[in-house]
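**Student:** Handing you a structure now.
Every number in this text was worked out from the coordinates using simple rules, so none of it is lab data. Note that the structure is predicted; figures quoted are calculated from it, not measured. Because the Cβ atoms are built from the backbone with ideal geometry, glycine has one as well, and the counts that use them run over all protein chains shown.
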Amino acid sequence: MSGMVVKVRVFGILCNYTPGRAERHELEVAPGTTAGQVLELLGIPWEEVWLLSVDNRQVDESRSLNAGDELLVFPPVAGGRAGNGVTG
Amino acid sequence: MNGGCTGKILKVNLTEGTTSVESPGEQFYRLYYGGRSLIAYYLLREMKAGADPLGPQNVLVFAAGPITGGPFAGSGRSSVGARSPLTGAYGDGEAGGYWGVELKRAGFDAVVFSGRAEKPVYLWVHDGATEIRDASELWGLKTAEVEEAIKAQVGEKQARVAQCGPGGERLVRYACVAHDLTHFAGRGGMGAVMGSKNLRAVAVRGSQPVPMADPDAVRELGRWFVQRVQELSGGMQDTGTPGVLLGLNVAGGLPTRNFRQGHFEGADKISGPTLRDTLLIERETCYACPIRCKRVVKTGAPYHVDPVYGGPEYESLASLGSLCGVDDLEAVCKANELCGAFGLDTISAGVAIAFAMECYEEGILTPAHTGGLELSFGNGEAVVEMVRRIAHREGLGDLLAEGVKRASERLGAGARRLAMHIKGQEIPMHEPRLKHGLGLGYAVSPTGADHCHNLHDTAYAKPGKSLQDLAALGILEPLAAQDLSLDKVRLYTYITNWRTFANCSVHCLFIPWDFEQTAQLVRGMTGWNATVFELMKVGERAVNLTRCFNLREGFNIHDDYLPDRFYQAFESGPLQGVAVSRAALEQARLAFYRMSGWTDDGVPTREKLHELGLGWLVPSLDFIA
C-alpha cells in the first residue's frame, strides 16, 4: 500500500516536542491516518493541544487526513500568550 | 524596609510647582504592595469624589511594585493610574520595559501628581533629586522627538522617559503613556490625564541598586527561568503575542469587522508567523527578560514604517487589522506606528475606527462626514489616515477621539448598538462568545472592558499545565470555554484576584511563574513571610478598592453589562449559532458578587472590607451597609 504526504504546522510552545523544534513538517503516512496519529508520530502530547484545524476548520483527533492536507496544531491561548501556565 | 520597596513616594503638586516625599511605612506596603492597589489607595484618599478626570483635581499616579527591578524575568513593569477620562471609573494602564526599574533606582516606588501646571512641563527625577522643567518647546512633537530632546536636555542618554504624545496633549480620551517609545501603558486614557495637567513627560535615572532581602534566593529563581526559557516560553520568543492570532481565528474568536464575525479570511496575512517571516527586523525585550517577545518591524514604500516604535502586539494586529477587515500587514504596522508616535491606545483606536466603518456601511456616517474618505471595512489606507485624524482631532477624528461611547451618543440611537465598549472603554481583542467567563470578566471589570485581569477560559478547557498549577488553589477539573456555571464563576474569581495581584506587584503575566514561585520572589525581594494566601488577598483588596472607587463615583450594577452584540449568535464561522446567554451572564454576575462577599447589588459589605483590612474606608463611603 503506497503512502501519502501530509503537511503539519505546529505552533508556539508545542514546537518543543517536534524534531528540531520545527514549525513545518511533511510526513509520509498511510492512507486513513488520523490527526491524532500524526500527533503521536511527532511526539506531541494530546493534553497540551488546544485545537486542530484542517482547511481552516476545526477537526478532532479522529479526523482521517487526505493526501495534501495541512494539519494545524495549536497550543492553548490566553491573553496574548500561547502556551500553558496559570499566569498566561 | 528589608528590601523590595524604597519606602519613598514622590508627590508633585503641579499647580504650585512643588515636590515632597512621603514615607508611608512598611505596613502600608505590606497591605497595598504597589501598582493598582497603591494607585487606588491614593485616589480614594486624595481625589475628591466627582473630580473631572481631565481637571486639576484628578490625581495621577505612576507606580512600580515591591518586586519591580529584581534580577528575574517579568520584573520590568510599572503602572499609571487615575480617574479615567474614558470611563469616569478607576483607570490604569501598564507598560513593560525599564521605566519602573529606573524609578526605583532613582529612589522612589511611585510618583503622585496633583493639580495642573500653568504651562507645559516635564518632571526629571535623578537619584532622589527632582526638577520640574519647561516643556513648552516639546509640546506638539512626536514621542520619538520628545524622547531625544529630553535625553539631550538632561544630559543622560540612559534616562528613561514616560510621556504622553500629541494625542494626550489634545485630550484624546484613549491617549496612552509611551515608555521608551516601545512600551505603552495603553488603556484608560492616562495620556489624556497627563495632557490635561500640562505634564508631557516623566524622565527618570538612578544609580542605586534595588534593595533585596535575600538576593541569592531571587537570583536562583531568575537563573532557573533563564535556563528553561526555550522550553517554557519558546512560542513567545518565536512569534510574540501575535502568535495567538491564527489559533483564535480557527476557534472563531478573532474579532472581525467590529465584532460582527469571529473569523477573518485574511488572518494568515496578518498572523504572527507572517509578521516574523516578512517585516520583523529585531526582537526587543524588557528588563532582565530573556524571552524577547517584543516585535520590531520596518517597511519600505509606501508606508515606511519606522522601527523606532517597535512593532505590533496581537491586540494591535487584531484591532487595526481584522477588526477593521484589513489584511494589509504593512498598513496595520503603519497604523500601529502612528499610534506610538502620537500616543494613542491601539485597542481603542482600532475599535473607534471599526465603529466608524460600520456606521459608514449603514449610512450613519457619509462621505460628507469623512471628507470623502472611503471608510469601508478592508481599507487599510483609511485606517492609517483615521489614526492621524484622531490624534490631531481633525474632522471625524475629533468625534472618534472621544471614544465610541460618546461618539455613538452624539450620532444617535442607530449608532449606539454598534459601539463596542463597556463603561466607555473599548473592548479588547478577545471574544466573549468564545470565552464566556471572559465575558463575565468584561462586565464586572473595574476599568471597563479589559483582558489583562480577566479569565481566558480556553487555557482551562483541558487538562494541562495551567490546570495543574491551579490545583494549588483547589481547582481540579477543566471547564468548557462556553461554560458559565457556578464552577466557572469560582474559577473567574480566583483568576481575577490572582491577575489583579500581578497588577499590584507589578509583574508580567507572560512569565510562567507558578503561585509558589511568585511568593518566593516576593519573599526574596522584601523579606516578608509572604504566602500565596497573602498575594491572593492583595489582589482581592485591589478588586475591592477599585470597586469602592467606582461606587463612590456613582457606578452601580447596571454598569456591569455586556454589549448586546455578544448576546447575538454568530451567523457564520466556527462559532456559528453561538452567543452568550443574557440570563446566564446575569446569574454569573450575581454569583460573582456573592462569592466576593458583596451584596446582590454588587456593593462590598462592611464585613468584607474589614476582612480585607480596609475598615478605614467604611466611614467615608455612605453606600456601605
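**Student:** Please list 3J(HN,Hα) in residue order for the stretch B:554-571, calculated via the Karplus relation 6.51 cos²θ - 1.76 cosθ + 1.60 where θ = phi - 60°; whole Hz, with x for glycine and proline.
**Tutor:** Along the stretch B:554-571, the couplings run x, 6, 8, 3, 6, 8, 9, 9, 10, x, 4, 4, 6, 8, 9, 6, 4, 8 Hz.
**Student:** Would you mind counting up the charge near residue B:457? Only other residues with Cβ under 12 Å from its Cβ, with Lys and Arg at +1 and Asp and Glu at -1.
**Tutor:** Details: positive: B:433, B:435, B:462, B:488; negative: B:431, B:483, B:487.
So the surrounding residues net to +1.
**Student:** Let me ask something else about it. Which trypsin sites (Lys or Arg not before Pro) does the stretch B:193-251 hold that lie in a coil by DSSP with at most 14 other beta carbons within 10 Å? Intermediate values should be presented prior to the final figure.
**Tutor:** Details: sites: B:197, B:200, B:205, B:219, B:223, B:228; in loops: B:197, B:228.
Passing both the DSSP loop test and the Cβ count: B:228.
**Student:** If you don't mind, another one. To make sure I understand the rule: partners must be aspartates and glutamates, Cα under 18 Å from the Cα of residue B:294, and not fewer than 8 residues away in the same chain. Which ones qualify?
**Tutor:** B:94, B:180, B:238, B:277, B:282, B:284, B:306, B:313, B:315, B:330, B:337, B:345
**Student:** OK, next. List the lysines whose Cα sits under 24 Å from the Cα of residue B:537, skipping any in the same chain fewer than 8 residues away.
**Tutor:** The reachable lysines, counting only those whose Cα sits under 24 Å from residue B:537, are B:8, B:465, B:488, B:608.
**Student:** In nm, give the distance between the simple-model label positions of residue A:22 and residue B:480, each being 7 Å from the Cα along the Cα-to-Cβ direction.
**Tutor:** Using points 7 Å along Cα→Cβ, the separation is 3.8 nm.
**Student:** Between residue B:119 and residue B:281, what is the label-to-label distance in nm when each label sits 7 Å out along the Cα-to-Cβ direction?
**Tutor:** So the label points at residue B:119 and residue B:281 sit 3.8 nm apart.
**Student:** Based on the Cβ-Cβ distance of residue B:610 and residue B:216, what FRET efficiency does E = 1/(1 + (r/R0)^6) give at R0 = 41 Å, to the nearest 0.05? It would help to have the intermediate numbers written out before the result.
**Tutor:** Values: r = 38 Å, r/R0 = 0.94.
Plugging the Cβ-Cβ distance into 1/(1 + (r/R0)^6) gives 0.60.
**Student:** Provide the net charge surrounding residue B:363, with neighbours chosen by a C-beta distance below 15 Å and charges set as Lys +1, Arg +1, Asp -1, Glu -1.
**Tutor:** On the way: positive: B:417; negative: B:358, B:361, B:362, B:374.
With Lys, Arg at +1 and Asp, Glu at -1, the neighbours total -3.
**Student:** For the stretch B:576-592, what does the Karplus curve 6.51 cos²θ - 1.76 cosθ + 1.60, with θ = phi - 60°, yield as ³J(HN,Hα) per residue in whole Hz, taken in order and with x for Gly and Pro?
**Tutor:** After applying 6.51 cos²θ - 1.76 cosθ + 1.60, I find 3, x, 8, 9, 7, 7, 4, 5, 5, 5, 5, 5, 5, 4, 4, 4, 5 Hz.
**Student:** Using alpha-carbon positions, what is the distance between the centroids of the stretch B:532-579 and the stretch B:407-486, in Å?
**Tutor:** Between the Cα centre of the stretch B:532-579 and that of the stretch B:407-486, the gap is 7 Å.
**Student:** Another question, if that's okay. Kindly put B:334, B:462 in sequence by how many other C-beta atoms sit within 10 Å of each C-beta, fewest to most.
**Tutor:** Details: B:334 25, B:462 20.
The most exposed by this proxy come first: B:462, B:334.
**Student:** Which shape class, rounded, prolate or oblate, goes with the stretch B:1-43 when its Cα gyration tensor gives a ≥ b ≥ c as root eigenvalues, a/c under 1.5 marks rounded, and past that a/b bigger than b/c marks prolate?
**Tutor:** Numbers: a/c = 2.97, a/b = 1.62, b/c = 1.83.
Oblate.
**Student:** Counting partner chain Cβ atoms within 10 Å of every residue's Cβ in B:448-457, what's the average?
**Tutor:** 2
**Student:** Which residues' amide hydrogens lie under 5 Å from the amide hydrogen of residue B:282, considering only partners 5 or more residues apart or on another chain, with H built in the peptide plane?
**Tutor:** B:296
**Student:** Given 0.36 nm per residue, what is the gain on full extension from residue B:413 to residue B:590 after removing their alpha carbon distance, in nm?
**Tutor:** 60.8 nm
**Student:** Roughly how many Å is it from the Cα centre of the stretch B:201-223 to that of the stretch B:495-519, as a whole number?
**Tutor:** 18 Å
**Student:** Continuing with this model, one more query. Please name whichever of B:247, B:232, B:217 sits farthest to the positive end of the charge dipole of the stretch B:217-260, dipole taken about the Cα centre and charges placed at Cβ: Lys and Arg +1, Asp and Glu -1.
**Tutor:** Working it through, the farthest residue towards the positive pole turns out to be B:247.
**Student:** Which of the trypsin sites (Lys or Arg not before Pro) found in the stretch B:387-487 are loop residues per DSSP with 14 or fewer other Cβ atoms within 10 Å of their Cβ?
**Tutor:** Values: sites: B:388, B:389, B:393, B:405, B:406, B:410, B:416, B:417, B:423, B:433, B:435, B:465; in loops: B:393, B:417, B:423, B:433, B:435.
Those satisfying the criteria are B:417.
**Student:** Ignoring everything except DSSP H segments at least 4 long, calculate the 222 nm mean residue ellipticity for chain B; use -39,500 (n - 2.57) per segment, divide by total residues, nearest 500. Before the final figure, lay out each step's value.
**Tutor:** On the way: 25 runs with 246 residues, N = 625.
Helix-only estimate at 222 nm: -11500 deg cm²/dmol.
**Student:** Relative contact order of the stretch B:190-298, please, whole-number percent, based on alpha carbon pairs below 8 angstrom and at least 6 residues apart. Intermediate results must be reported in sequence, preceding the final value.
**Tutor:** On the way: 94 pairs, mean separation 23.3, N = 109.
For the stretch B:190-298, the relative contact order is 21 percent.
**Student:** While we're here: Counting only residues 5 or more places away or on other chains, whose amide H sits under 5 Å from the amide H of residue B:422 once H atoms are built in the peptide plane?
**Tutor:** So residue B:422 has HN proximity to B:427, B:449.
**Student:** Something else about it: Spelling out what I want: for every residue of the stretch A:8-16, take phi, set θ = phi - 60°, compute 6.51 cos²θ - 1.76 cosθ + 1.60 (Karplus), and round to whole Hz; glycine and proline get x.
**Tutor:** For the stretch A:8-16, the Karplus-derived couplings read 9, 10, 10, 10, x, 5, 5, 5, 4 Hz, x marking Gly and Pro.
**Student:** Set the Förster distance to 22 Å, then compute FRET efficiency between residue B:362 and residue B:265 from the Cβ-Cβ distance, nearest 0.05.
**Tutor:** Values: r = 22 Å, r/R0 = 0.98.
Once rounded, the FRET efficiency stands at 0.55.
**Student:** Now for a separate question. If amide H atoms are built 1.01 Å from N in the plane of the peptide, which residues on other chains or at least 5 residues away come under 5 Å of the amide H of residue B:261?
**Tutor:** For residue B:261, whose amide H was placed from the backbone, the distant partners under 5 Å are B:256.
**Student:** Next up: Can you give the % of DSSP beta bridges in chain B that are antiparallel, to the nearest 5? Spell out each step's value before the answer.
**Tutor:** On the way: 42 of 54 bridges.
Around 80 percent antiparallel, to the nearest 5.
**Student:** If Lys and Arg each add +1 and Asp and Glu each add -1, what is the summed charge of the other residues whose beta carbon sits under 13 Å from the beta carbon of residue B:199? Working shown, then result.
**Tutor:** Numbers: positive: B:116, B:119, B:133, B:197, B:200; negative: B:118, B:134, B:169.
Computed value for this residue: +2.
**Student:** So which GluC sites (Glu not before Pro) in the stretch B:110-160 are both in a DSSP loop and have at most 14 other Cβ atoms within 10 Å of their Cβ?
**Tutor:** Numbers: sites: B:118, B:131, B:137, B:145, B:147, B:148, B:156; in loops: B:118, B:156.
Passing both the DSSP loop test and the Cβ count: B:118.
**Student:** Let me ask something else. In whole angstrom, how far apart do the alpha carbon centroids of the stretch B:22-43 and the stretch B:329-372 sit?
**Tutor:** 38 Å
**Student:** Identify which of A:77, A:29, A:49 has the largest mean-square fluctuation in a Gaussian network model of chain A, with springs joining Cα atoms closer than 10 Å.
**Tutor:** A:77
**Student:** Excluding residues on the same chain fewer than 8 positions from residue A:7, give the aspartates and glutamates whose Cα lies under 14 Å from its Cα.
**Tutor:** A:23, A:26, A:28, A:55, A:69, A:70
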